1. Hey, with R₀ at 22 Å, roughly what FRET efficiency would residue 138 and residue 31 work out to, going by the Cβ-Cβ distance, to 0.05?
2. Only bridges whose two residues both fall in segment 211-261 count here: according to DSSP, what percent of them are antiparallel, nearest 5?
3. Defining a contact as two alpha carbons under 8 Å apart and six or more residues distant in sequence, what relative contact order in percent does segment 116-258 show?
4. Expressed in nm to one decimal, what extension gain is obtained for the pair residue 20 and residue 211 from 0.36 nm per residue of sequence separation less their Cα-Cα distance?
5. What is the sum of charges around residue 249, taking Lys and Arg as +1, Asp and Glu as -1, for the other residues whose C-beta is under 14 Å from the C-beta of residue 249?
6. Take residue 165 and residue 130, extend 7 Å from each Cα along the Cα→Cβ direction, and tell me the distance between the two endpoints in nm.
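What follows is calculated from the coordinates using simple rules that are stated; it is not laboratory data. Remember, predicted model here, so these are calculated numbers, not experimental data. Ideal geometry is used to build each Cβ from the backbone, glycine not excepted, and the neighbour counts take in all protein chains shown.
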Amino acid sequence: MSVIECGEFRKFIDPYIDGEFDDAERAMFDAHLAICPECRRYFDQRAWLQNAVKPVLKRPCRMPQEARSRLEKKLRAARRPIRARRAVRRFASPASAVVAAGAIFLLVTPLTGFKPSVVDEVLDQHCQQMPVEVPTPAAQELDRWFAGKLPFEMQAPDFRDGRVSLLGGRLSRIRHLASNASAPAAHLIYSVGSHKMSVLVFDGRGVVPFEEPDMHVRGAPMRVHEARGHQVALYRRGNLTYAVTSNLPRGQMLELIGSTL
Ligand SMILES: [Zn+2]
């Protein structure tokens, strides 16, 4: 007999995993886990996600120290000649400030010279430890769950690679630049070894421009950005835009994406 219901179990799963319960509470939850295979599956995935994400969360998706010092060094080097020029030219014109700002801008902007704000948004969503609403390793089950909840037909990418495991999905939103409104999106969470990988699927028309993609992967136009120690790859299939985020090496992530196309 179980004293608690599935809803309660899932609501308090995090303190349970974190060991914040006293013995009596823990016993109730243990008992539910023993008789409920669905909650057991939820528990496994949740525990995995917590383990994978927690160390990252303590330093929430910040730039790795090495990359940071490299950038700071570059910035210092960029500022030096400007200061020198200023000292020579006694009448420091406002133009030198513009030059200084320009130099810094070039260094921190990706090589493409364009970073849609959607990159920051998908990174934020990747870094947040949001629970999955539907924990499942089956892409088809996920597609069925999303049916009717989104204004488009969701199709989870099919990673034909044994290292990738689907953990589940949740409803999300993505901001539209032009209208400043937000549109529904599907947020899918995967594990790749010990890495977490997020895929946001949304109707990208008016959100991500693909006129000048960085590359094509199996015919799909793609933009790739590096930010906060992560790779964000945006690609389009039909009217849908997929934003894949992880801290996997770029080549490996593109290879995984290629396996879905
Ligand atoms: Zn249950």
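1. Details: r = 28 Å, r/R0 = 1.26.
The value I calculate is 0.20.
2. 100 percent
3. 20 percent
4. 63.6 nm
5. Once all neighbours under 14 Å are counted, the net charge is 0.
6. So the two model labels end up 2.3 nm from each other.
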